[in-house]
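These notes are about the structure you will find just below.
Derivation of every value follows stated rules applied to the coordinates shown; laboratory data play no part. Remember, predicted model here, so these are calculated numbers, not experimental data. When we count neighbours, we look across all protein chains shown, and the Cβ atoms used for this are built from the backbone with ideal geometry, even at glycine.
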Amino acid sequence: MARPLRTELAGGVYHITSRGDRQEAIYEDKQDRREWITLLARVCKRFNWRVHSYCLMDNHYHFVLEAVEPRILS
């Protein structure tokens, strides 16, 4: 059974996280981490998100974002 859809709110704050398979590393090196941050910045600009904090671990990441407009799931 599928889970219910998430509620999206303008100005909503969300904790986003993702892990690598079998706890494997998701970044190859420091340059790969920098490119990930650059990509996140481009996505934030496109969807009008504000990242309040982030943490890049070897095998996962977390970030807290504010959705200025309710467009996370679109």
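With helices as the sole contributors, the chain gives -8000 deg cm²/dmol at 222 nm; each DSSP H run of n ≥ 4 counts as -39500 (n - 2.57), and the sum is divided by every residue.
Go ahead and set up a Gaussian network model of the chain, Cα springs under 10 Å, then flag whichever of 50, 22, 42 fluctuates most. Greatest mean-square fluctuation among the candidates belongs to 22.
Once fully extended, how much extra length lies between residue 21 and residue 48, figured as 0.36 nm per residue of separation less the alpha-carbon to alpha-carbon distance?
Values: separation 27, 0.36 × 27 = 9.72 nm, distance 2.94 nm.
Gain on stretching residue 21 to residue 48: 6.8 nm.
Report, to the nearest 10°, how far helix 30-47 tilts away from the longest principal axis of the Cα atoms in the chain, using its own Cα long axis and a range of 0 to 90°. So the helix axis and the longest Cα principal axis differ by about 10 degrees.
Taking the chain as a Gaussian network, where each spring joins two C-alpha atoms under 10 Å apart, which residue of 51, 13, 43 fluctuates the most? Of 51, 13, 43, the most mobile in the Gaussian network model is 43.
Sorted largest first, the principal axis extents computed over the alpha-carbon atoms of the chain equal 35, 34, 18 Å.
Relative contact order for the chain: 46 percent, from Cα pairs under 8 Å spaced at least 6 residues apart, divided by residue count.
If you place +1 on the Cβ of every Lys and Arg and -1 on the Cβ of every Asp and Glu, how big does the dipole about the Cα centre of the chain come out, in debye to the nearest 20? List each step's numbers first, then the result.
Numbers: 12 positive and 10 negative charges, 54 e Å.
The calculation lands at about 260 debye.
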